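A short worksheet on the structure shown next.
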Amino acid sequence: MTAAGLPCMLLRGGTSKGAYFLASDLPADPGERDDLLLRVMGSPDPRQIDGLGGGHPLTSKVAVVAPSEESGVDVDYLFLQVVVDQAVVSDRQNCGNILAGVGPFAIERGLVSVAGETTSVRIRLRNTGSICTATVATPGGSVDYDGDLAIDGVPGTAGAIPLDFEEVAGSSTGGLFPTGNLVDTLAGTRATCVDGGMPTVILRADDLGVTGDESPEELESDATLTARVERIRLAAGRAMGLGDVADATMPKMVLASAPVQGGAIATRSFIPHRVHTSIGVLGAISAAAGLIPEGTVAHDLVSPPGSGDPFALEHPTGRFAVEVVVDQAEDGWTLTRAAALRTARKIFEGAVFPRPRT
Ligand code: NQM
C-alpha cells in the first residue's frame, strides 16, 4: 500500500537545495518527524536514490516553517540537515542558503501577506534563536523568482533576496570568539575559532601543507589532510563549548589562503567532511568576522576591501561577498553588521511519497 503523499515544495536556496514543509504538515514529535524525513530524502544511502536528496550535504536539507507566535516575527524556520549516508537528522546548525527560500515559501503558503513591490519577512532561525529579515520581490501580488543577480555556484540569474541578520554572533557558543582568544593551538595547529552564526574554525592552508586553491575533490581525497582537519575539529568543538562534535555537522573548517581572484581571501570549507563547492552564508559571515580583526590566524593573508565595500570570499566556484562589520567593545568583540545577497528558485511543488519504514 502506498503511504499518503506529504505536501512539499522543493526550492533552491542560494547554493543549496532543500525540501520545504509547513510544520503543521509534519509530525510534532521530533523523533517521528526525523524518521519521516530520512525516508523522504532517501537516507541513509550515498546516492539517496529512493528519495529527494541529491547525494551531497548541500542537497540533503530541509526547512520546517511555521507562523511565529512572537510579536515582530513573521515566521519560525527550523533547519534540518539530513545526513546523506547515516540515519541522522541534525538541528544543531543554521543554514543561511536554505534560509533564502524561506521568505518566498512563507509568502506562497499564505503565512505572510504581500506588502507591495517587495515584501519583508522577519524570520526567527529556531536552531539558534537568531533573526533574519529577508526581502522578497513581490510585484503584482506574488513572488517573482526572476531577476538579474548572478551568484557564483548557480547558473544564470535570479531575483536578489537581501538577508539582514541580527543576534547571530555567538548564537551557538555564547561569543563571537567563544574560546576568549583570537588564536588557539588545537591539536598542534594554529586556529581562530569564531561564531558569527555558524561555529567556524579558520586555519591557514599553508600550515596544513596545501595551497588553498585545490578542488574539493583533491582535498577530500587527501586522507592525511582530512584526518588532521578532523582532529583539529574535535578539539575545536571542546574548546568552543560545543562538547563532542564527532556526530555534529559543525564546526565548519575553513582553510584560508591569499586571494587570487581579486577577493579579500581565498577559502576552502570542510562542512565538515565533504568540501563545500562554494561556502555557506553564515559560514562566510563567520569566516569574515574571524579574519577581519588584527591578530586572528589568517588576518595577514587578507587583502582588505575598499572602505564600504563588501568582504569577498573566494571559493571553489567563484566569490561570495558579505557585509560584515566587527567592532571591539569593552566587553569583547561584537558583530555590528551581518548581511548578504542570495537568490532562490521554486523548482517543484506537490506531494512527496516517503519510502515505507523497513
Ligand atoms: O553557513 C552548508 C550551505 C551551508 C550552510 C554547510 C549555510 C550557512 O551552503 O549559512 O548556508 O556549511 O553545511 O547551505
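None of the figures in this text is laboratory data; all of them are computed from the coordinates on show. The structure presented is a predicted model; accordingly, all values stated were derived computationally and were not measured. Neighbour counts run over all protein chains shown; Cβ positions are idealised from the backbone, glycine included.
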Please find, in a Gaussian network model of the chain (springs between Cα atoms separated by less than 10 Å), the residue of Ile285, Ile98, Ile107 whose mean-square fluctuation is greatest.
Ile107
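On full extension of the chain, what length is gained from Arg337 through Ala187, given 0.36 nm per residue of separation minus the C-alpha to C-alpha distance?
Working: separation 150, 0.36 × 150 = 54.00 nm, distance 3.21 nm.
This chain segment gains 50.8 nm when fully extended.
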In nm, the gap between the two label points placed 7 Å beyond Cα toward Cβ at His56 and Asp244 is 3.2 nm
Put a dot 7 Å past each Cα toward the Cβ at Ala329 and Glu32; how far apart are the dots in nm?
4.3 nm
Ser142-Ala223 pseudo-label distance in nm [points 7 Å out on the Cα-to-Cβ vector]
5.4 nm
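For the chain, what value does the Rg/Rh ratio take when both radii are computed over Cα atoms and Rh is the Kirkwood radius, given to two decimals?
Numbers: Rg = 19.5 Å, Rh = 20.4 Å.
Rounded to two decimals, Rg over Rh is 0.95.
Please give the net charge around Leu234, taking every other residue with its beta carbon less than 13 angstrom from that of Leu234, where Lys and Arg add +1 and Asp and Glu add -1. Write down the numbers at each step before the final one.
Details: positive: Arg228, Arg231, Arg233, Arg238; negative: Glu230, Asp244, Asp247.
Residues close to Leu234 contribute a combined charge of +1.
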All other residues with a Cβ under 12 Å from the Cβ of Arg39 taken together, and with Lys, Arg as +1 and Asp, Glu as -1, what is their net charge?
-2
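Around Asp91, with a cut-off of 13 angstrom between Cβ atoms, what is the net charge of the other residues, counting Lys and Arg +1 and Asp and Glu -1? Walk me through the numbers on the way to the answer.
Working: positive: Arg33, Lys61, Arg92, Arg126; negative: Asp34, Asp76, Asp247.
Here the count lands on +1.
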Likely footprinting exposure, Glu117, Glu220, fewest C-beta neighbours within 10 Å first:
Glu117, Glu220
With a 10 Å radius around each residue's Cβ, average the other Cβ atoms per peptide and rank 244-254, 269-279, highest first.
269-279, 244-254
Residue among Ser130, Ser221, Ser68 with the largest mean-square fluctuation in a Gaussian network model of the chain, springs linking Cα atoms under 10 Å
Ser221
Helix runs (DSSP H) in the chain reaching 20 Å along axis by Cα, Kyte-Doolittle at least 0.5
none
Add -39500 (n - 2.57) for each DSSP H run of 4 or more in the chain, then divide by its residues: what number comes out at 222 nm, to the nearest 500 deg cm²/dmol?
-4500 deg cm²/dmol
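State the extension gain, in nm to one decimal, for the chain segment bounded by Val88 and Val114, taking 0.36 nm per residue of separation less the distance between their alpha-carbons. The partial results should precede the final answer.
On the way: separation 26, 0.36 × 26 = 9.36 nm, distance 3.65 nm.
Difference between extended and current length: 5.7 nm.
For region 184-334, compute the orientation-averaged projected area of the C-alpha convex hull (one quarter of its surface), in nm².
8.3 nm²
What length, rounded to one decimal in nm, is gained on full extension from Ser215 through to Glu69, with 0.36 nm per residue of separation minus their alpha-carbon distance? Kindly include the intermediate steps, with their values, before the conclusion.
On the way: separation 146, 0.36 × 146 = 52.56 nm, distance 4.45 nm.
Gain in length upon complete extension: 48.1 nm.
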